[in-house]
Amino acid sequence: TAHEEITEQIDQYMMEKGLDTFVLSTESCDICDECAYPDAPCRFPEKMHPCLESYGIVVPEIVELEEMQYMIGGNTVLWFSLILFRPV
């Protein structure tokens with residue numbers, strides 16, 4: 001999706017600037033047609049971005065707490081990613 005592409009571009013930019021990143025996004029991984037897990041390790045761990053909720057982050061609660069818009073009209077939902085970073 002466009003959201004995942006933008007998230008990946010930001011991640012790549014940050015890594016090029018010398019930062020170690022860990023990315024959480026809003027969708028389940030859809031890189032492979034068929035997931036190797038649980039029979040084998042992920043084929044592309046450097047590309048796979050777990051969803052925020054899989055780490056216990058409840059996005060709708062944060063959106064409400066911070067008075068942000070989640071539904072932005074016209075059947076459009078705002079997607080969220082979280083990029084944690086530190087110097088290498």
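Protein heavy-atom accessible surface, 1.4 Å probe, per residue over the chain: 78 Å². Just checking the listed ones, Asp39, Asp11, Asp30: in the Gaussian network model of the chain with Cα springs under 10 Å, the one fluctuating most is Asp39. The distance between label points at Ile72 and Met14 comes to 2.0 nm (points 7 Å beyond Cα on the Cα→Cβ vector).
For the chain, the longest principal axis of the alpha carbon atoms and the long axis of helix 2-16 meet at an angle near 60°. The relative contact order of the chain, computed from alpha carbon pairs under 8 Å that lie at least 6 residues apart in sequence, is 40 percent.
When the accessible area of the chain is computed with all protein chains present and a 1.4 Å probe, what percentage of it is carbon and sulfur? Mind dumping the intermediate values first?
Values: 3930 of 6860 Å².
About 57 percent, which is the carbon plus sulfur part of the accessible surface.
When +1 charges are put on Lys and Arg Cβ atoms and -1 charges on Asp and Glu Cβ atoms, the dipole computed for the chain relative to its Cα centre reaches about 260 debye.
The values are calculated or read from the model by the stated rules, or taken from the named source; none is laboratory data. Note that the structure is predicted; figures quoted are calculated from it, not measured. Because the Cβ atoms are built from the backbone with ideal geometry, glycine has one as well, and the counts that use them run over all protein chains shown. All accessible areas refer to the heavy atoms of the entire protein, side chains included, with ligands and DNA or RNA removed. Shrake-Rupley method; radii C 1.70, N 1.55, O 1.52, S 1.80 Å.
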